[in-house]
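Quick notes on the structure that follows.
A short reminder: the numbers here are calculations on the coordinates, not readings from a lab. Everything quoted here is computed from the prediction, not taken from an experiment. Neighbour counts are summed over all protein chains in view; Cβ atoms, including those assigned to glycine, are modelled from backbone coordinates with ideal geometry.
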Amino acid sequence: MPGALWWLLLLLPIGSALLITAVLRPYRVASAAVSVFSAGACFMLAVWGVASGAAAPEPVAWLRASDWVVMVAMMLDPLAEVMLLVVTGVGFVIHVFSLGYMSDDPGRSRFFGGLSLFMFSMTGIVVSGNLVMTFIFWELVGVSSYLLIGFWFERPSAAAAANKAFIVNRIGDFGFLLGILAVWGTLGDLGFGPLRAKIEAGALDTAPWLPVFLMALGLFCGAVGKSAQVPLHVWLPDAMEGPTPVSALIHAATMVAAGVYFLCRVFFLIEMSVPALDVIAWTGGATALVAALIAVRQDDIKRVLAYSTVSQLGYMVMAVGLAAPAAAMFHLCTHAFFKALLFLAAGSVIHALHHQQDIWKMGGLRTAMPVTFWTFAAGALALAGCPGLSGFFSKEAILEAAHETASPLLWLGLLTAFLTAFYMSRLAMVAFFGEGRERRAREAKESPAVMVVPLVVLAVLSVVGGGLGIYGVLRGEAAAADAEGHGWLVPALSFLVFAAGVGTGAWLYRDRERDPLRLGALRDKLYFDEVYGATVVAANGRLAQFWDWFDHFVISSLFVRGTGLVAGGVGNACRFLQGVGASGYAFLFAAGAALLLLWAAVR
């Protein structure tokens with residue numbers, strides 16, 4: 001394949017978004033067809049390019065400032081190729097599912113235009129060859145996410161969720177921008193290839209630890225926002241206000257994984273600071289545990305999955321901090337399969353129940369929706385770490401990294417794994433077993449083929465994804481062979497916590513009509529939103545009130561109106577002097593002479 005064809009990965013989705021927005025918006029069927037074709041073509045192009053080993057296209061100069069040149073360049077190493085296949089493959093499947101899910105929505109054209117814009121932005125992050133391109137596409141992902149989360153903007157909750165996601169991500173992105181500037185100031189380059197060459201040549205070997213630490217933390221800030229790490233995780237659960245395919249594509253499989261992918265991309269920079277790795281590892285571990293605890297007591301089917309996503313992202317970030325970026329990317333890939341599946345299966349349930357999302361108003365769906373149930377079960381077992389399924393292998397790789405470094409994060413990871421198995425067992429027992437608790441649940445029917453076929457495809461990937469050789473590609477053949485020599489302790493512990501979690505959840509929630517666990521703090525999300533409201537939001541409100549007062553009484557009154565009054569007074573005085581006549585001039589002359597005499601006498 002000619003290397004120049006790689007540019008189609010960007011041209012096809014942005015062309016689709018522009019065509020839908022400018023021409024096809026009144027034509028809902030045509031808009032959907034163009035967007036789905038674009039996603040499918042990008043996936044086929046990615047498969048073709050990776051299989052043929054096509055080289056990246058020649059970079060193109062974009063901006064010049066003296067000797068500094070910003071290039072539009074692609075980087076297509078094994079890391080990018082694996083992520084590219086995940087983004088385009090899962091993206092295409094979700095596009096197909098959306099044909100059924102959004103079939104009756106009046107904003108269908110706008111929805112598919114937003115999906116195409118997102119695919120352009122996310123693909124750009126994956127193939128970017130330098131930090132400038134990465135940051136531009138990073139912000140475009142934020143814009144497309146804002147548009148899709150707030151798709152049903154007539155709902156106040158959706159509009160608020162979109163604003164919350166946009167603002168919280170800007171906090172992380174500010175630190176990200178500082179990190180990029182620190183890289184430029186320290187190493188004098190922003191291209192990933194040149195930066196790696198400088199690091200390998202020892203450019204930071206004698207650098208003071210603090211600047212390198214701050215540089216690494218700045219880069220990490222971007223991942224804290226985009227990948228929803230504590231304390232900037234609060235936007236992701238609220239983002240479930242968007243349509244379910246949006247939740248599957250952006251907030252489960254791809255966008256939130258962008259932060260993890262970026263950390264793996266710049267790991268050669270981050271690993272130069274051991275303290276930064278410690279901060280990253282413990283931030284990820286804390287996020288994994290906190291989100292898993294909150295998921296235990298959520299009743300909205302999409303919010304359970306949302307907090308599960310936050311928790312699994314914490315696992316991935318923890319792996320990066322443990323100096324195991326290949327394990328992080330491995331879990332990112334398997335998570336994309338089973339979490340996209342779980343969200344789409346949840347969407348199938350919500351569609352059949354006419355937008356009911358409370359699991360305690362479901363029940364009995366195992367027999368009413370058999371394909372949805374069995375595919376959901378495959379995804380849930382993979383997420384919970386069932387031996388033999390994809391999630392077991394990728395979680396084990398992370399836990400092995402913690403075990404090899406003798407980190408106490410191993411026990412935190414095992415506790416999180418137990419909670420994951422527990423809340424997924426709870427979700428399955430309440431939603432799919434027993435009797436239907438509401439008329440909509442008792443009358444539910446299986447979703448149409450256009451929605452269930454993508455579920456089957458993702459279910460297959462969720463089962464076999466651990467054996468596709470992804471980990472070997474990411475680590476390299478020698479490292480992959482070495483990985484086969486792990487002992488039995490971690491797999492045994494993983495199996496025990498899986499069995500204990502599933503068993504406890506099934507025993508506790510079998511045939512229950514209401515939740516036996518109160519746990520109000522977990523139900524209220526450990527009061528993170530309340531704390532933000534009492535501190536950050538309240539302080540911002542007070543600051544806004546102060547600036548309103550300052551603007552009105554100081555800026556407007558003193559400087560604006562005050563300046564006008566002074567100018568008017570001076571003008572009136574000058575006008576008086578110009579129009580007083582001969583007698584007036586004589587009076588002013590006498591007054592001036594008197595003042596001079598008085599001044600002389602005083603001296």
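Things worth noting here:
- The modelled label-to-label distance for the pair residue 548/residue 48, using points 7 Å beyond Cα in the direction of Cβ, is 5.9 nm.
- Amide H within-cut-off set for residue 323, under 5 Å, with H built and near neighbours excluded: none
- Between helix 581-602 and the chain: long-axis angle, C-alpha atoms, 0 to 90°, nearest 10: 90 degrees
- Per-residue Karplus couplings for the range 382-387, computed as 6.51 cos²θ - 1.76 cosθ + 1.60 with θ equal to phi - 60°, are listed in order as 5, 5, 6, x, 5, x Hz, Gly and Pro entered as x.
- Relative to the longest principal axis of the Cα atoms of the chain, helix 301-321 runs at roughly 80 degrees.
- Those lysines that a straight Cα-Cα span of less than 21 Å connects to residue 164, excepting residues fewer than 8 apart in one chain: 226, 302, 525
- Ignoring lysines fewer than eight residues from residue 445 along the same chain, the ones with Cα atoms less than 18 angstrom from its Cα are 361.
- Relative contact order computed over the range 245-399 (Cα-Cα under 8 Å; 6+ residues apart), in percent: 26 percent
- Under 15 Å, Cβ to Cβ, from residue 536 - net charge with Lys/Arg +1 and Asp/Glu -1: +1
- With contacts taken as Cα pairs under 8 Å at a separation of at least 6 residues, the chain carries a relative contact order of 12 percent.
- Helical contribution to [θ] at 222 nm, DSSP H n ≥ 4, -39,500 (n - 2.57), averaged over the chain, rounded to 500: -23000 deg cm²/dmol
- Per-residue 3J(HN,Hα) values for the range 413-422, derived from phi via the Karplus relation 6.51 cos²θ - 1.76 cosθ + 1.60 with θ = phi - 60°, read x, 5, 4, 4, 4, 4, 5, 4, 4, 5 Hz in sequence order (x marks Gly and Pro).
- For the range 65-148: rounded, prolate or oblate by the Cα gyration tensor [a/c cutoff 1.5]: oblate
- Look at (1) 1.19; (2) 1.01; (3) 1.36: the one that is Cα Rg over 2.2 N^0.38 Å derived from this structure is (1).
- Three-way shape call for the range 264-311 based on the alpha-carbon gyration tensor, with the a/c threshold at 1.5: oblate
- Shown in residue order for the range 47-56 are the 3J(HN,Hα) couplings computed by the Karplus curve 6.51 cos²θ - 1.76 cosθ + 1.60 at θ = phi - 60°: 4, 4, x, 5, 5, 7, x, 4, 6, 5 Hz (x for Gly and Pro).
- The residues packed around residue 437, meaning those with a beta-carbon under 11 Å from its beta-carbon, carry a net charge of +2 if Lys and Arg are +1 and Asp and Glu are -1.
- Using the Cβ of residue 111 as centre and a radius below 10 Å, the other residues enclosed give a net charge of +2, where K and R count +1 and D and E count -1.
- Acute angle (nearest 10 degrees) that the helix 538-549 long axis makes with the longest principal axis of the chain, alpha-carbon atoms: 20 degrees
- Amide H contacts for residue 128 (H built 1.01 Å from N in the peptide plane; partners 5 or more residues away or on another chain; cut-off under 5 Å): 75.
- For the range 1-101: rounded, prolate or oblate by the Cα gyration tensor [a/c cutoff 1.5]: oblate
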